[in-house]
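The values are calculated or read from the model by the stated rules, or taken from the named source; none is laboratory data. Quantities reported herein were computed from a predicted structural model and do not represent experimental measurements. Note: ideal-geometry Cβ built from the backbone for every residue, glycine included; neighbour counts use all protein chains shown. Keep in mind that these areas ignore ligands, DNA and RNA; they rest on the heavy atoms of the full protein, side chains included. Shrake-Rupley method; radii C 1.70, N 1.55, O 1.52, S 1.80 Å.
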Amino acid sequence: MSRSNIFDAVNQRIWDFVHERANSQLRPATGSYSTLFRGSLFGATTAAGVAAKLAKQRVDVLWLGANPCIPRSLGYILNPPNGKGDLPIFERQMKSGLFSSARWDDQGEPLPDWSPIERPDGNWRVYRDVLEAIGRLDRVAMANFIPWGSQTTDTLLRKLGATHAPLLKRMLAFADEVNAEIVEALNPKLVVVPFSLGRNRLLNDVVETGVALAGVSGTQRHTVAGANGAFSFYTGACQRGGLTVPVVFLRHPASLRLSKEAKPRVVEKVATAIGKL
């Protein structure tokens, strides 16, 4: 996929995938939340606007989420509803020309979806401070890896693995392929991967993705002592398509248990390690 059409092209790829006969069970579970990107990029909110800026600027960071936290999505896969489920909302999203996922009100108007880097709360502020130390926030792209959701990634993997193992394998292989195309198109200076995606045994047992910690080259483990125990993270380089990209693996903000005194030490240590990649 070219840099000029990557955002609309990804949505089209998802639509085409769920319209393959073998993957039809995913259709009602595909909503506006299945659009991979979140927030804005380069200050632009439309796919065309971001694409125009991408032709002249480079993304500083691609921050990956594992999958959207939408339990209804998994529910629709396991127990397909009557009718089309959430698919019409995804199709509305496609036609809107928006860069990132939106929530839609009863009048069909888009509302901003969750964007933790632009509107951080809790421990997201720790990682927002890391990003500000290494680049510009308006050059941080946020994208989920898997388009279909559940309360947790492990719930998605366990339940689909137990009942629809071939579908899960196709889903993860598709997600990995699309992610590689996104990385090639955005050419980010850094990719950030949460442990729930990069260090997930359940996922790696099905498909070893290109963002798995086990497959990264030049891996280094870093530790911040005294951070309510020890805060550890990893750096290295991952292969995505034809690119080799620096990568950092971090705990999800929701799992952080950091004291007020530890937070600036974590920010400094992570930013310093990233600066050496």
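Quantify, in whole percent, the carbon and sulfur part of the accessible surface of the chain (1.4 Å probe; protein heavy atoms only).
The nonpolar share, carbon plus sulfur, comes to 49 percent.
Kindly identify the stretch 209-277 as rounded, prolate or oblate by the Cα gyration tensor criterion: order the square roots of the eigenvalues as a ≥ b ≥ c, call it rounded if a/c is under 1.5, otherwise compare a/b with b/c, prolate if a/b is larger, else oblate. Working shown, then result.
On the way: a/c = 2.69, a/b = 2.06, b/c = 1.31.
Cα axes put the stretch 209-277 in the prolate bin.
Modelling each spin label as a point 7 Å along the Cα-to-Cβ direction, I'd like the THR223/LYS276 distance in nm, to one decimal.
Each label point is offset 7 Å from its Cα along the Cβ direction, giving 1.6 nm.
Place a label point 7 angstrom from the Cα of ALA48 along the Cα-to-Cβ direction, then list the residues of the stretch 81-105 whose backbone nitrogen is under 11 Å away.
97-98
Run the quick spin-label model on TRP114 and ALA165: label points 7 Å from Cα toward the beta carbon, then report their separation in nm to one decimal.
Those two pseudo-labels are separated by 3.1 nm.
Mind ranking CYS238, CYS69 by accessible surface for me, highest first, 1.4 Å probe? Intermediate values should be presented prior to the final figure.
Details: CYS238 5, CYS69 80 Å².
Correct descending sequence by accessible area is CYS69, CYS238.
Taking 0.36 nm per residue of separation and subtracting the Cα-Cα distance, what length does fully extending THR244 through SER24 add?
Details: separation 220, 0.36 × 220 = 79.20 nm, distance 3.42 nm.
Roughly 75.8 nm would be gained on extension.
In straight Cα distance, which lysines are under 23 Å from LYS56, not counting same-chain residues fewer than 8 positions off?
Candidates past the 8-residue exclusion: LYS189.
Going from most exposed to least, what order do THR35, THR45 have by accessible area with a 1.4 Å probe? Walk me through the intermediate numbers first.
Numbers: THR35 0, THR45 80 Å².
Ranked list, largest accessible area first: THR45, THR35.
Give me the lysines in straight-line cross-link reach of LYS159: C-alpha distance below 29 Å, same-chain residues under 8 apart excluded.
Filter leaves LYS84, LYS169.
Using a 1.4 angstrom probe, figure out how much accessible area the stretch 1-126 has per residue, in square angstrom, rounded to the nearest whole.
Working: 5830 Å² over 126 residues.
Counting only protein heavy atoms, the per-residue value for the stretch 1-126 is 46 Å².
Quick one: go through the stretch 6-28 and flag any residue whose amide nitrogen is under 17 Å from the point 7 Å out along the Cα-to-Cβ line of ARG92.
Within reach of a label on ARG92: 28.
Estimate the FRET efficiency between GLN151 and ARG58 by the formula 1/(1 + (r/R0)^6), using the beta-carbon distance for r and 41 Å for R0, to the nearest 0.05.
Working: r = 35 Å, r/R0 = 0.85.
Efficiency computed from Cβ-Cβ geometry: 0.70.
Using only the alpha carbons of the chain, what is the convex hull's orientation-averaged projected area in square nanometres? It would help to have the intermediate numbers written out before the result.
Values: hull surface 56.4 nm².
The directionally averaged projection comes out at 14.1 nm².
Cα centroid distance between the stretch 164-218 and the stretch 1-58, in Å?
17
Say a site is exposed when it is one of the GluC sites (Glu not before Pro), sits in a DSSP loop, and has at most 14 other Cβ atoms within 10 Å; what is then the longest site-free stretch of the chain? Let's see the in-between values first.
On the way: sites that count: GLU20, GLU208, GLU261.
In short, 21-207.
Counting helices only, and only those DSSP H runs with n ≥ 4, report the 222 nm mean residue ellipticity of the chain as the sum of -39,500 (n - 2.57) divided by its residues, in deg cm²/dmol to the nearest 500.
Working: 10 runs with 107 residues, N = 277.
Rounded to the nearest 500, the figure is -11500 deg cm²/dmol.
So for the chain, averaging the separation of alpha carbon pairs under 8 Å that are six or more residues apart and normalising by length, what relative contact order in percent results? Don't skip to the answer; put the middle values down first.
On the way: 489 pairs, mean separation 61.7, N = 277.
About 22 percent, as a whole number.
For TRP15 and GLU268, compute 0.36 nm times the residue count separating them, minus their Cα-Cα distance, and round to one decimal in nm.
On the way: separation 253, 0.36 × 253 = 91.08 nm, distance 4.17 nm.
Extra length from TRP15 to GLU268 when fully extended: 86.9 nm.
Please go through the stretch 63-128 and write out the trypsin sites (Lys or Arg not before Pro) that DSSP classes as loop and that have at most 16 other C-beta atoms within 10 Å.
Working: sites: ARG72, LYS84, ARG92, LYS95, ARG103, ARG125, ARG128; in loops: LYS84.
Qualifying residues, ordered by number: LYS84.
How far is it, in nm, from the label point at ALA173 to the one at ASN79 when both lie 7 Å from their Cα along the line to the Cβ?
Taking the two extended label points, one gets 3.1 nm.
Can you tell me the accessible area per residue over the stretch 150-277, all protein chains present, probe 1.4 angstrom, in square angstrom? Don't skip to the answer; put the middle values down first.
On the way: 5700 Å² over 128 residues.
I get 44 Å² per residue for this part.
Residue separation times 0.36 nm, minus the C-alpha to C-alpha distance between SER232 and ARG201: what's the value? Mind dumping the intermediate values first?
Values: separation 31, 0.36 × 31 = 11.16 nm, distance 1.81 nm.
Gain on stretching SER232 to ARG201: 9.4 nm.
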